[in-house]
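A quick write-up on the structure given underneath.
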Amino acid sequence: MWARALRVRFPVPLDRGRGFASKAGPQGKVQEVRQGTHSPRLASQGAGRVPAAKIEHLERLALVDFGSREAVARLEKAIAFADQLHALDTDGVEPLESLLEDRCVYLRSDNVAEGNCTEELLRNSHHVVEEYFVPLPGNVSLPDMVNKTPSPTAE
Amino acid sequence: MEGELSGVLNRRCVEAAVMTGLALNCHINKKSLFDRKHYFYSDLPAGYQITQQRLPIAANGHLTYSVYMGKKRSQMTTKTVRIKQIQLEQDSGKSLHDDLRSQTLIDLNRAGVGLLEVVLEPDLCCGEEAAIAVRELQMILQALGTSQANMAEGQLRVDANVSVHHPGEPLGVRTEVKNLNSLRFLAKAIDYEIQRQITELENGGEILNETRSFDYKLGCTVSMRDKEGKQDYRFMPEPNLPPLVLYDATSLPADADSQQVVNIDQLRDMLPELPSATRERLVQQYGILPEHSFTLLNEVGLLEFFQSVIKETRAEPKRVINWVLNTLLYYLKQQNLAVSESPVTPAALAELLDLLDSKAISSSAAKQVFEELWKGEGKTAAQIVTEQQLELMQDREALEQLCQAAIDGHPQVVMDVKNRNPKAINKLIGLVRRTSLSRADPTLIKEILERKLSL
């Protein structure tokens, strides 16, 4: 399944003065990234910075609170680490989208095999009304970047 | 083992998807893929929905439907709407809003159940066309057994994407209209939205690419715009589902496990009669007009009613269709009743038509009997005829005498008739009908009068 033709081109010259290792982020040297083939542009403005508006957008999408400048810096380093993938020349190579690509999905027959476990399922929830689940109210609204306080993450 | 990771798909869903794709003239993709569509909502516990965004099971089909054209809406013409694709996906749970206690209630019974999404191209031009096209789709799905397609029960859900543009220009910004749970509201909502957009643009405003909900009480669409802005679904290949592979007669593997193999050609052979074919067959079988067979299929239960009457009566299909469409359906529509709620049963109508066919009663008497049957008091047609003395006069001699009496008693009218006044003869016929207490066949009256007046 891994039999793919890869041509890995290492960017020349290598800027050896700028390797950085962070405590909590990815280990090891990060090689300077040269644009590879078919590489989607990541939203970064010079020196791998992720703009504030994009951070807010990501927070809303993933319901994650970055909370601090350090966390954002960690994110930027993670992106830079992943950017090394662009060093690969993938011209003419079909993307591997799934490890299961050579298989076919298993088809099961249309028979009811399980169920009748209403009580058990409803017990999973704190708040139940007449056999309905009651979620937390609305989509938790996030405070804006100016008044940054730790916000409760949705369950 | 790698196999432990893979998810499993219900075979019946795949068959239903293929049959629907074939019925809608689509290309069936022998290999289709599954994706994850991410968003947060309380009725989606996993935080993502499995769908087929990149490569769906079927694509590039079309749906043909008929519309009435012209001022009198008497001409039928066929139109086509292209099918962009059909995809298999998971249903979410159902959310109910308890406004009283400001909370949302979630029912997860349908979460994860297989859905088919049919995506149409923007070829429809107005609410009425959309309703007709969706009705046709509904009938196809019902004929296939893919779905009972009842909109009120959420078995068929429709979202309408509406935009306006000047002829020749590209499509305008579209809005998505949701909460349409009947064909009537579908048409209403679309027409409202078209007008709203036109008015907005003519006033120099702009259309926002947003989701709107149809408020059926107010008859208008209302913005559902989320404060969070445009959704980013972060589509990614579904890691737990391998590609869905379908076969046909040529690609069928020799040692295939029949449970695991879906054969497109085999399913094509099993396709039942679709509505368009049914309509044609009815025209051939009963000698009725295409418009008639269109109505027979369009009204729920009407075809079955019609066929029941045909089975029990001696009357010709042409007469039956006339009474079913022009009388029964008319009465039903007047009182907004479904065919299943008709106080007149097929058996009752069949009996009435037999009486008419054997010339025991005149057609105007038959109308009276039908009116009485409609009251649903349990009387049969024969009983009503006897009670109201509606039997046609069998005594030819007596009728001749009544005609003579009318002639003798109305010399002025006779003069008008002889002067070729076209309305005069009807006056005479009317006079005889009254004296005969509507128990004579108007055609026979006319025949006798004309002979007596040597016309």
**Study point:** Check on residue B:201, within 30 Å of residue B:278 (Cβ to Cβ) and surrounded by 12 or more Cβ atoms within 10 Å (Cβ to Cβ)
**Key:** no
**Study point:** Test: residue B:415 is among the aliphatic types (A, V, I, L, M), farther than 27 Å from residue B:325 by Cβ and free of Cβ contacts under 8 Å to residues at least 12 places away in the same chain
**Key:** yes
Study note, to complete from the structure: Residue pairs qualifying under the 6 Å Cβ cut-off, at least six apart or on distinct chains, with the first in the stretch A:123-138 being more than 7 Å from chain B (Cβ to nearest Cβ) and under 18 Å from residue B:41 (Cβ atoms) and the second being open to solvent by less than 100 Å² (accessible area, probe 1.4 Å) and in a loop (DSSP other than H, G, I, E, B), are A:127/A:134
Point to revise | Subset of the stretch B:319-359 [among the small types (Gly, Ala, Ser), surrounded by fewer than 19 Cβ atoms within 10 Å (Cβ to Cβ) and in contact with a helix residue (DSSP H, G or I) (Cβ under 7 Å, 6 or more places away or on another chain)] | key: B:347
Practice item. Could you tell me whether any residue of the stretch B:202-219 is on the phi > 0 side of the Ramachandran plot and within 14 Å of chain A (Cβ to nearest Cβ)? Key: no
Exercise for review: Take the residues in the stretch A:81-100 that are within 12 Å of chain B (Cβ to nearest Cβ) and open to solvent by 50 Å² or more (accessible area, probe 1.4 Å), then tell me which one is modelled with the lowest pLDDT.
Suggested key: A:97
Exercise for review: Among the helices (runs of 4 or more DSSP H) lying completely within the stretch B:336-440, list those that include at least 2 residues that are within 22 Å of residue B:314 (Cα to Cα), out of contact with any Cys (no Cβ under 8 Å at 6 or more places or on another chain) and not β-branched (Val, Ile, Thr).
Suggested key: B:346-357, B:363-374, B:381-387
Practice item. Quickly run through the stretch B:22-68 and pick out the residues that are of a type in the set (S, T, N, Q) and within 34 Å of the chain's Cα centre (by Cα). Key: B:25, B:29, B:32, B:49, B:51, B:52, B:53, B:60, B:64, B:66
Check your understanding: Where in the stretch B:1-108 are there strands (runs of 3 or more DSSP E), lying wholly inside it, with at least 2 residues that are touching a Leu at 6+ places or on another chain (Cβ under 7 Å) and either more than 13 Å from chain A (Cβ to nearest Cβ) or within 20 Å of residue A:104 (Cα to Cα) (or both)?
Key -> B:58-69, B:75-90
Practice item. Out of the residues in the stretch B:109-122 that are in contact with an Asp or Glu (Cβ under 9 Å, 6 or more places away or on another chain) and surrounded by 14 or more Cβ atoms within 10 Å (Cβ to Cβ), state the one that is farthest from the other protein chains (Cβ to nearest Cβ). Key: B:117
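The values are calculated or read from the model by the stated rules, or taken from the named source; none is laboratory data. Since this is a predicted model, take the numbers as computed values, not measurements. Heads up, the Cβs are rebuilt from the backbone with ideal geometry, glycines too, and the neighbour counts pull from every protein chain shown. Surface accessibility is based on the protein's heavy atoms, side chains included, excluding ligands, DNA and RNA. Shrake-Rupley method; radii C 1.70, N 1.55, O 1.52, S 1.80 Å.
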